[in-house]
Amino acid sequence: MTQLITSAFPLKEKTRAKPTQDGIAFLLLWIILWITARRLIVTNWTSYLGFTSTAVTLGLFFGLSLGVCQFRKPFKFILMAIYSSFLIIWLCGLTFQYDISWLNRLSLMLLRLKKTAHLLIQNQPVQDNLLFILLMISLYWFVGVNSGYSLAKNENTWRILVPLFFIITLIHSYDPLLARRIWYLVAFSIFSLFLIIRLNLIRQVSHWKDEQIWVPSQFSNDIFQVSIRFVILLSFIVWIVPTNRSPFQQVEIIWNKIKQPFQSIREDFENAFSSLKVSIIASPDYYGRILNLGEGNILSDEEVFSVLVPEKPPNGLRFYWRARAYNYYENGQWTTANTIWHSLEPGSTRLQFTRYPDRSRGLNTFYFAINKPIITIFVPPQPQWTNLGTKAELFPNPDGTMDILTLQSNNPLGSGTTYTVRSSLSGTTVEKLRQSSENFPPAIMERYLQIPDSITTRTRELAQQITADRNTEYDKVMAITEYLRQHIHYTDTLEALPDDQELIDWFLFDAKRGFCNYFASAEVILLRSIGIPARLAVGYAQGKMTSPYIYQVIQRDAHAWPEVYFVNIGWVEFEPTPNQPNIIRPLSDLEATTSKIPNESDKTIQEALQRLKESHQKTQPTPKSPLPTFVWLFILFIIVVGMIAFSYIQYPRLQRFSIQIPITIETNLRKRGVNPPAFLINWNRKQVLSPVEKTYLQINVALNLFGKPALPSATPTERANLLISFMPEAASLIKFILDQYLDYIFNNKEPDLIEISNVERVFRRTIYRKWLSQHLPFGVPIK
């Protein structure tokens, strides 16, 4: 409705809009700003995010003050610079302890920012969150000022909403996994529509008054109320009516294309925001493209997922649930280099994988039940098939085979989702590992022997000393593994990391303590320094067996481990972290016994899978059963009936405005020199007609409907007789209408409104029955 009015009456381009002093518009804008700030706060990426809500609110009031004041623009810029500097510094200073003087707070802020800049220049991760807090407070302060100033100056609404939409959408794209948080976007969209309607109405009414066009005093408020009801009803219908997902898939594809440039920007700033944590331990960014060794986190016992395994690990061999593997290390962080991404359809078998003669034959099937939303799916190492549609990050080998590093679902997997993976387990024997040749393929050596120049000489010498008396690759790997388990202590977290020392060197020789990231990284670097290809894998350790063949994995099981390459065997896991049980492999094939699920029937597997689903459902809150469709339709019916009843109650007011709106539109068009469309002219003419005149018009409608239009000069009597000539069955009705019309026009005789209304209804029904009887093959009886 508002769009029709504003498009029909565009404001003059050179006309300066009057300042807006509307309380409803201000309240709507504050709600939108609060929703935008709240969307960032609920991510819980770091502490002190609540100050953004304070910043955006104060910015809104300051922007309104700037907009209504009469200062010149240069002085306004000076005021904004002064107030902005003071408020941003003040809010950042509140992140310090209250017993620290403000002078010391300023000094500490400068020192922390200087240290952050130094680390960024050296391309090292920043563990201090002050930079992120500073940027977010500044961002929300300035969008608040911009919104308040634009509202006060009554400028383009899009100048207010576009920056806010960009901010809230970007935040949601990096925090998409809790489904309930989509309601922030829904609320933002609804209140934005309300604000657009409100501001457009205010501008249009103001313009009409400038043109000296009469506008009712309550016109804006009444139209705004009707628009609100319409938006709410439309939102409700969209919510309950089932839709085809294909259009949304196209929108998702477009959105992913739009996000790609920002993804590279995000990766460029990965170091600057290393201090941030994710809202969910199993989020897509928990094991992202870059993994910093970091200071560690205190993890909880909350379940992440459960797994149904096909067999019991042979003789101490443990399962690992991998999220990603890294091949490139530098400056205390791991990443993947020179990989490609490949899309895979559900159940795709298009990729070819290297066949290793001394590796366990066949694929093993695993069933996962997710307890936390994820995008990066967890798999046993060396996955080769999944029933999900995924994007695979991989290395193509010269022989056409592929080496998968990570798998990401095409769509976020919600809590309660199950999926299936088939992998090639590394179950092998010590005998085969010792017999493995060290004649590694060139592609493996190129990817997995990289060592940065920052690795110290004593680190390289340590690897030589540990493996000096070992002859085979396996014995060298075990020597380094046992050294780390016996000489380095485990701790969940570390204190401040050194800025002037390589972290692996610091871990091995000075700290001599750390958590799994350090143990696994140290083993990979030590192995590479003696020419053995290795890489870092991250994900989760085996977890706890809660029932036969079902493992429950919790957040505390988050883990990192090394994978070492053996010729004719492939990648094999080792365990240097001392808080995890050691891997004890069978010495020979005679010891390699397993306890598999019986193969005589699939019944046992199905029973175990059912137990997995049941045990998983017990950990989930019981969802509310969705209401049946007929209940939603009944609710919709009640709403529609209520709106109709309200319309009848308010009929005099609504009728009055239904007459005023088209007249106002036609008047504006004529003032601008625009010829109103014929339908608008006819509409306005009908609005001012009496009930008798409207009933008489049905004679002209019938003549046109039957293709017998009367001449413009024809009198009412001639028109009535013409209609009676081919519609004699309605002669009495036509004569009654003609008599009533002539008495009203020439004798000023008021008709009986109830009687004329009944006649009009019967006459209209007779007309359409006559028309249907002539045009339908089976005819319609005329009664």
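Counting other Cβ atoms within 10 Å, keep those with at most 13, restrict to DSSP loop, and tell me which trypsin sites (Lys or Arg not before Pro) in the stretch 39-148 are left.
Within the stretch 39-148, the qualifying trypsin sites (Lys or Arg not before Pro) (loop, at most 13 other Cβ atoms within 10 Å) are R72.
Other residues with beta-carbon under 15 Å from the beta-carbon of T459 carry, at +1 per Lys or Arg and -1 per Asp or Glu, a net charge of -3. For T420 and E693, the difference between the fully extended length at 0.36 nm per residue and the C-alpha to C-alpha distance is 90.9 nm. Extension gain for the segment W341 to M445, taken as residue separation times 0.36 nm less the Cα-Cα distance, is 35.3 nm to one decimal.
Here r is the Cβ-Cβ distance between K114 and R318 and R0 is 45 Å; the resulting FRET efficiency, rounded to 0.05, is 0.45.
Taking 0.36 nm per residue of separation and subtracting the current Cα-Cα distance, fully stretching the chain between A731 and K708 would add 6.6 nm.
Amide H to amide H, with H built 1.01 Å from N, L405 comes under 5 Å of E393, L394, F395, counting only residues 5 or more places away or on other chains. For the residue pairs K73/K115; K372/K512; K76/K671; K686/K735, alpha carbon separations beyond 28 Å are given by K73/K115; K372/K512; K76/K671. Distances between placed amide hydrogens fall under 5 Å for I583 paired with E575, all partners being 5 or more residues away or on another chain.
Can you tell me which of 532-542, 565-575, 703-713 comes out highest on packing, and rank the rest after it, using the mean Cβ neighbours within 10 Å?
Output ranking for 532-542, 565-575, 703-713: 532-542, 565-575, 703-713.
Considering every alpha-carbon pair of the stretch 446-601, the percent of pairs per 5 Å bin, from zero through the bin containing the longest distance, is 1, 8, 16, 20, 19, 15, 9, 6, 3, 2, 1, 0, 0. Label sites at A678 and N579, each approximated as a point 7 angstrom past Cα along Cα to Cβ, lie 8.3 nm apart. Protein-only accessible surface at a 1.4 angstrom probe places the residues T428, T57 in the order T57, T428, largest first. Here R72 and Q97 are evaluated by their C-beta separation; at R0 = 56 Å the FRET efficiency comes out at 0.85.
Each label was represented as a point 7 Å from its Cα along the Cα-to-Cβ direction; for K544 and F61 these points are 5.2 nm apart. The label-point distance for K671 and S107, in a model that sets each label 7 Å from Cα toward Cβ, rounds to 6.7 nm. Most tightly packed first, judged by the mean number of other beta-carbon atoms within 10 Å of their residues, the peptides 400-409, 438-447 read 400-409, 438-447.
The values are calculated or read from the model by the stated rules, or taken from the named source; none is laboratory data. The structure presented is a predicted model; accordingly, all values stated were derived computationally and were not measured. Ideal geometry is used to build each Cβ from the backbone, glycine not excepted, and the neighbour counts take in all protein chains shown. Each accessible area value is taken on the protein alone, full model and side chains, heavy atoms only, with ligands, DNA and RNA left out. Shrake-Rupley method; radii C 1.70, N 1.55, O 1.52, S 1.80 Å.
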